[in-house]
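Data block below; observations after.
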Amino acid sequence: MKSEFDYSIADSQGTDVKPIEPQQFDIDAYHDYATSLQQRCSNFWHSKSGIAVYRRFRVPQVFSYGCKDMKLSLALQLGALQESMKYAADIPNFLEPWYGIGTVASAFGVDYEWPEGQAPAVRPPFKSVQDALSCNLKPIEETAIGKITLSMIEYFIEKTKGRIPISLTDTQSPLNTASLIIDNNSLFMSFFDCPDELKKLLHVITDLLVGFTQKQIELIGAPLVYPGHGFASSTVFKGLGMSDDVMLMLSENQFIDFESEVLSRAGRPFGGVAFHSCGNWSPKAKVVKKITGLIMADGAFTAETDPGPNLPELIRDTFIGTNVIINARMVGSEKIVFEKVRQLYTPEMKLIVVTYCKTPDEQKRLYDRIHSLE
């Protein structure tokens, strides 16, 4: 069976669900379900090798126009949690107060634009790194975006009585954030024209990121899961998950010189770095592996997940024996996913297989086949 990306759908990793209002959701049942998987999560986290399976429930509306309405977002996510309990898995799904990717950029005066029926977008306001460095920064929690993000967390916690796993909002790497505040032609020229000033800006962004992450953690408390967002996450895991898609446009030396240090510094207070990039970052796997404090790396491994999936053998050979967890997203049939797992997995590595099976029966068959490889 051929695997290819479907450009006709809005979210290749999405699962449509029926929304459930908080008063109709069985909080205790989901709390008990998540708790029942906690030991499996702990065993996997503390092992030196092995496989875990996570059937991700990503609701398309939540990660597009629906994020603007916290009540709708929560109802859709509760619908996803309810449905997820039917699928064999080792790691439970979680709530996420998602409100776009411009959270840290808001400190520089960036606000959202809302295209009809789509996720919010931002327009970089500065023409140069120098302009960004000279602007008057505002604490993220005092910006419109920051306030709504924190309000969403408070609303989610209140309505679920603090008994349902919940993550931070989507966290962008310092470089990704820089691309949201500076004209990108100028940003990429700054690697050559003013490297020291660019590094200074990335450290400023890192400080803002760490500070707002701590604000979110204070609000969430016990039900917080790590690394968050697109990663399989648990209350017994650690690390800060960051999207670093811009790294695909850097040379290996540029990544090491500009991005590696700030990623490590951002993740250090939270137990390490969980790295994500869309597309095929496997040719740069060796430099990703050099990130100090790297504990997890996420990527797509089937063409139905991403039109530029990673090369399984290259990721396997790079991370074998490192204790770095590979979070492998695999949209596709049971046959396609199992074949990719066979190419990727070796007993000397730690692998989370992220599945999107359409039925509980297919998920159970795939779950059993994946674990048969251990």
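The values are calculated or read from the model by the stated rules, or taken from the named source; none is laboratory data. Keep in mind that this is a model prediction, so the values were computed, not measured. Glycine also receives a Cβ, built like all others from the backbone with ideal geometry; neighbour counts cover every protein chain displayed.
Scan the stretch 142-183 for residues that are over 16 Å from residue 31 (Cβ atoms) and either touching a Lys or Arg at 6+ places or on another chain (Cβ under 7 Å) or in a helix (DSSP H, G or I) (or both) and the total you get is 22.
Beta carbons closer than 9 Å, at least 6 apart along the sequence or on distinct chains, pair a first residue in the stretch 136-152 that is closer than 16 Å to residue 122 by Cβ with a second that is surrounded by fewer than 22 Cβ atoms within 10 Å (Cβ to Cβ) and acidic (Asp, Glu) for 143/111; 144/111; 145/111; 149/141. Per the listing 40, 55, the residue uniquely of a type in the set (D, E, K, R), closer than 23 Å to residue 370 by Cα and buried (at least 23 other Cβ atoms within 10 Å of the Cβ) is 55. Only a single criterion out of (1) at pLDDT 95 or above; (2) under 26 Å from residue 58 (Cβ atoms); (3) of a type in the set (A, V, I, L, M, F, W, C) is not satisfied by residue 119, namely (1). When you look at residue 119, is it of a type in the set (A, V, I, L, M, F, W, C) and touching a Leu at 6+ places or on another chain (Cβ under 8 Å), yes or no? The answer is no for residue 119. Taken over the stretch 238-279, the residue count meeting the criterion of being of a type in the set (S, T, N, Q) and either in contact with a Pro (Cβ under 9 Å, 6 or more places away or on another chain) or touching a residue at least 40 places away in the same chain (Cβ under 8 Å) (or both) is 2.
Check the stretch 98-109 and report whether any residue there is more than 23 Å from residue 154 (Cβ to Cβ), in contact with a helix residue (DSSP H, G or I) (Cβ under 9 Å, 6 or more places away or on another chain) and surrounded by fewer than 23 Cβ atoms within 10 Å (Cβ to Cβ).
Here is the first cut: in the stretch 98-109, the residues more than 23 Å from residue 154 (Cβ to Cβ) are 108-109.
If we keep only those that are in contact with a helix residue (DSSP H, G or I) (Cβ under 9 Å, 6 or more places away or on another chain) too, we end up with 108-109.
If we keep only those that are surrounded by fewer than 23 Cβ atoms within 10 Å (Cβ to Cβ) as well, we get 109.
Taking every residue of the stretch 98-109 in turn, at least one turns out to be more than 23 Å from residue 154 (Cβ to Cβ), in contact with a helix residue (DSSP H, G or I) (Cβ under 9 Å, 6 or more places away or on another chain) and surrounded by fewer than 23 Cβ atoms within 10 Å (Cβ to Cβ).
Does at least one position in the stretch 196-213 carry a residue that is surrounded by fewer than 23 Cβ atoms within 10 Å (Cβ to Cβ), of a type in the set (Gly, Ala, Ser) and under 20 Å from residue 255 (Cβ atoms)? Looking for residues that are surrounded by fewer than 23 Cβ atoms within 10 Å (Cβ to Cβ), of a type in the set (Gly, Ala, Ser) and under 20 Å from residue 255 (Cβ atoms), one finds none in the stretch 196-213, hence no. Taking the stretch 247-277, which residues are farther than 18 Å from residue 188 by Cβ and either among the aromatic types (Phe, Trp, Tyr) or not in a helix (DSSP H, G or I) (or both)? Across the stretch 247-277, the qualifying residues are 270, 271, 272, 273, 274, 275, 276.
Mind telling me which of the residues 156, 126, 94 ends up being more than 18 Å from the chain's Cα centre (by Cα), under 30 Å from residue 367 (Cβ atoms) and among the aromatic types (Phe, Trp, Tyr)?
Working: 126 fails: under 30 Å from residue 367 (Cβ atoms); 94 fails: more than 18 Å from the chain's Cα centre (by Cα).
None of the others qualify; the one that does is 156.
When the stretch 334-362 is filtered for residues that are within 27 Å of residue 83 (Cα to Cα) and in a loop (DSSP other than H, G, I, E, B), the ones remaining, listed by number, are 356, 357, 358, 359.
Candidates are the residues of the stretch 262-290 that are more than 21 Å from residue 235 (Cβ to Cβ) and among the β-branched types (Val, Ile, Thr); the one that is surrounded by the most Cβ atoms within 10 Å (Cβ to Cβ) is 288. Selection of the stretch 10-31 for residues being loosely packed, with under 12 Cβ neighbours inside 10 Å and among the charged types (D, E, K, R) yields 18, 28.
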